[in-house]
Structures are given as structure tokens and as C-alpha cells.
Amino acid sequence: MYTTGTVIYSIVAEERFDLPQTSREAFDMLESQSIITSEIAYRMKAMVGFRNIAVHDYQAINQGILQQILDKHLSGFTRYAKQILGY
């Protein structure tokens, strides 16, 4: 998510958008500017939530859920990257 944040803040600076206060706000801003779709904004915000759990140990990580994320949801990063590159 660090690289994702770097990309977002580069766009914010270049376009002179208001500075988002959280990662979730940043994805909402990209969506509101039609840089990413609402589906990708939703997926990326969910990934931020998972990242917070994994990094800050807010709760134990369920191995089954982790495996599902790896198997089914990593394509969201690829789609996010394609939308950003298309911008």
C-alpha cells in the first residue's frame, strides 16, 4: 500500500487536488475524479483495512481468509495499476 500511496500523492500534487487525510479518502478522491472506478475504489479500501490488520495486529489473521485474498483478490491491484496508468 506504500507504493499506492506514493502514486496517489503524486496525482494529488500534479492535479492540485485537496490532500486526502487517509488512504480511504485518497481512493474516494480518485474515484470522484474518475481516475479509478467505484469497484476498484471499494476493493482498494478493503485492502487498506486488511493491511491495517496484518501490519498493526488489530486482530489475529485467519489463514483461510488470507488464502482467499491471495487466490481471489490480488487481481484488484492489477486492475488498479491499469486504471492509474491509463490516467
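The values are calculated or read from the model by the stated rules, or taken from the named source; none is laboratory data. All values derive from a computational prediction rather than experimental measurement. Glycine also receives a Cβ, built like all others from the backbone with ideal geometry; neighbour counts cover every protein chain displayed. Just the protein is used for accessible areas: all its heavy atoms, side chains included, with ligands, DNA and RNA removed. Shrake-Rupley method; radii C 1.70, N 1.55, O 1.52, S 1.80 Å.
The figures follow:
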read-out	value
Within segment 5-59, chymotrypsin sites (Phe, Trp or Tyr not before Pro) in DSSP loop having at most 16 other beta-carbon neighbours inside 10 Å	Tyr58
Helix 63-72 axis, angle to the chain major axis (alpha carbon atoms, nearest 10°)	40 degrees
Calculated FRET value between Tyr9 and Leu85, using beta carbons and R₀ = 22 Å, to 0.05	0.85
Two-site label geometry, His73 and Ile53: point separation in nm, points 7 Å out along Cα→Cβ	0.7 nm
Residue-wise HN-Hα coupling along segment 24-30, computed from phi with Karplus coefficients 6.51, -1.76, 1.60 (Hz; x: Gly, Pro)	4, 4, 5, 5, 4, 5, 4
Helix 2-15 axis, angle to the chain major axis (alpha carbon atoms, nearest 10°)	20 degrees
Cα long-axis angle, helix 75-86 against the chain (0 to 90 degrees, to the nearest 10)	10 degrees
Gaussian network model of the chain, springs between alpha carbon atoms under 10 Å - residue of Ile11, Ile65, Ile36 with greatest fluctuation	Ile65
Cut-off 19 Å, label 7 Å out along Cα→Cβ of Thr37, residues of segment 65-87 by amide N	72-87
Solvent-accessible area, 1.4 Å probe, carbon plus sulfur percent, for the chain	53 percent
